[in-house]
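The values are calculated or read from the model by the stated rules, or taken from the named source; none is laboratory data. The structure presented is a predicted model; accordingly, all values stated were derived computationally and were not measured. Because the Cβ atoms are built from the backbone with ideal geometry, glycine has one as well, and the counts that use them run over all protein chains shown. Note: areas computed on protein heavy atoms with side chains; ligands, DNA, RNA excluded. Shrake-Rupley method; radii C 1.70, N 1.55, O 1.52, S 1.80 Å.
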Amino acid sequence: MELLWKDRKRTFLGLPWSFTKYSLDEERLFIKTGFLTQQEDEVRLYRIMDISLTRTLGQRLVGVGTIHCSSADKTMGDFDIKSIKKPQDVKEMLSQLVEEQRDKKRVTNREHMVDHEHCDHDDMDDYR
């Protein structure tokens, strides 16, 4: 597959002096870490449940940010894409690709909604 995006974790002054590399294709996000011992993790995009962006003052000054992903992936769990350039653009691209993959794979995220006013109090124990 063709890579749609790639970057490195940025360190001091937003410079790419790190051994953490991120890349993204239409179906997967890859995170490669390490110098002597390298590890490569991947998460299928349809397994990502929620995405948020955090930008500290220092990150905003150098033009980077961190994307937090809540994932249903058993090995990755929740993870961060740390200190990357153009984080808002990457977050939007990732969000769109996640939705496309979830539609393609027919994956739904079931959220439980409770109507507290019309629910018997004994039934409420099931939702606590």
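For a 22 Å ceiling on Cα separation, which of these pairs sit above it: 32/86; 82/105; 9/86; 9/105?
Details: 32/86 19 Å; 82/105 28 Å; 9/86 12 Å; 9/105 30 Å.
Over 22 Å Cα-Cα: 82/105; 9/105.
Rounded, prolate or oblate, given the Cα gyration tensor of the range 1-95, with a/c below 1.5 counting as rounded?
On the way: a/c = 1.65, a/b = 1.23, b/c = 1.34.
Verdict is oblate for the range 1-95.
From the square roots a ≥ b ≥ c of the eigenvalues of the alpha-carbon gyration tensor of the range 52-104, which class results: rounded (a/c under 1.5), prolate (a/b over b/c), or oblate?
Values: a/c = 3.58, a/b = 1.64, b/c = 2.18.
Verdict is oblate for the range 52-104.
Peptides 36-46, 83-93 ordered by packing proxy, namely the average of other Cβ atoms within 10 Å per residue, highest first: 83-93, 36-46.
Counting only protein heavy atoms, what percent of the accessible surface of the range 1-77 is carbon or sulfur at a 1.4 Å probe?
Values: 2560 of 4870 Å².
Answer for the range 1-77: carbon and sulfur cover 53 percent of the accessible area.
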